[in-house]
1. I need the full set of residues from the range 23-50 which are under 11 Å from the mean Cα position of the chain (by Cα) and of a type in the set (Val, Ile, Thr), in order please.
2. Report the residue count in the range 46-67 for those that are more than 20 Å from Gly16 (Cα to Cα), open to solvent by 50 Å² or more (accessible area, probe 1.4 Å) and touching a residue at least 40 places away in the same chain (Cβ under 8 Å).
3. Please work out if Ile8 is under 15 Å from Met84 (Cβ atoms) and of a type outside the set (Ser, Thr, Tyr).
4. Among the numbered criteria (1) at pLDDT below 95; (2) under 14 Å from the mean Cα position of the chain (by Cα); (3) surrounded by fewer than 19 Cβ atoms within 10 Å (Cβ to Cβ), which one does Ser90 miss?
5. Cβ-Cβ under 7 Å, sequence separation 6+ or interchain: first residue in the range 18-32 and closer than 15 Å to Ser100 by Cβ, partner open to solvent by less than 30 Å² (accessible area, probe 1.4 Å) and charged (D, E, K, R). Which pairs?
6. Please work out which one of (1) of a type outside the set (Lys, Arg); (2) within 14 Å of Gly10 (Cα to Cα); (3) in contact (Cβ under 8 Å) with a residue 12 or more places away in the chain is the condition Tyr72 fails and give its number.
Amino acid sequence: MENVFITITGVNHYYGMKPFKVGKIFKIRKEYDNPNDDEAICAELPMIDTIGYVANSANTVFSGTISAGRLYDRIEDYAYAQTMFITHSSVIALVLPPESVEEQNDAPIKEKESPVAQSGAKAKIGF
């Protein structure tokens with residue numbers, strides 16, 4: 001499977017662009033109780049909580065990325081995403097399976113490295 005990219009939107013309703021840095025990994029989680037969107041996937045960081053949402057509208061999904069609706073059945077309850085690009089209003093991120101991030105958390109700190117850096121620019125994410 002090819003790399004899967006998503007657009008994170010709605011950031012101005014939370015902390016703006018401050019939580020995002022290129023290369024930073026954050027959690028994306030299905031929000032089952034969202035009253036406005038049955039396929040809502042929030043972006044969150046520990047200690048901060050929600051920092052945005054995976055875009056799910058033709059008006060907010062950037063070209064080359066997929067919507068929350070298309071991602072929804074590809075992930076379990078959650079996955080991770082790595083910030084790749086930051087625009088004036090949104091973030092483009094690479095979706096990472098939980099095991100690629102959580103395995104690293106068991107490694108000594110000096111050995112930790114971004115999943116993208118470990119596998120190279122042509123990393124394949126399959127889930």
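The values are calculated or read from the model by the stated rules, or taken from the named source; none is laboratory data. This structure is a prediction, so every number in the text was calculated from the model and none was measured. As a convention, Cβ positions derive from the backbone with ideal geometry for all residues, glycine included, and neighbour counts pool all protein chains shown. For accessibility, only protein heavy atoms count, side chains too; no ligands or nucleic acids. Shrake-Rupley method; radii C 1.70, N 1.55, O 1.52, S 1.80 Å.
1. Ile25, Ile28, Ile41
2. Count: 1.
3. yes
4. Just one mismatch for Ser90, condition (3).
5. Phe26/Glu44; Lys27/Glu44
6. Only one criterion is unmet by Tyr72, namely (2).
Okay, residues lined up against (1) open to solvent by 50 Å² or more (accessible area, probe 1.4 Å); (2) part of a loop (DSSP other than H, G, I, E, B); (3) modelled with pLDDT of 65 or more:
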{"residue": "Gly69", "(1), (2), (3)": "no, no, yes"}
{"residue": "Ile75", "(1), (2), (3)": "no, yes, yes"}
{"residue": "Gln82", "(1), (2), (3)": "no, no, yes"}
{"residue": "Phe85", "(1), (2), (3)": "yes, no, yes"}
{"residue": "Val95", "(1), (2), (3)": "no, no, yes"}
{"residue": "Glu99", "(1), (2), (3)": "yes, no, yes"}
{"residue": "Glu102", "(1), (2), (3)": "yes, no, yes"}
{"residue": "Gln118", "(1), (2), (3)": "yes, no, no"}
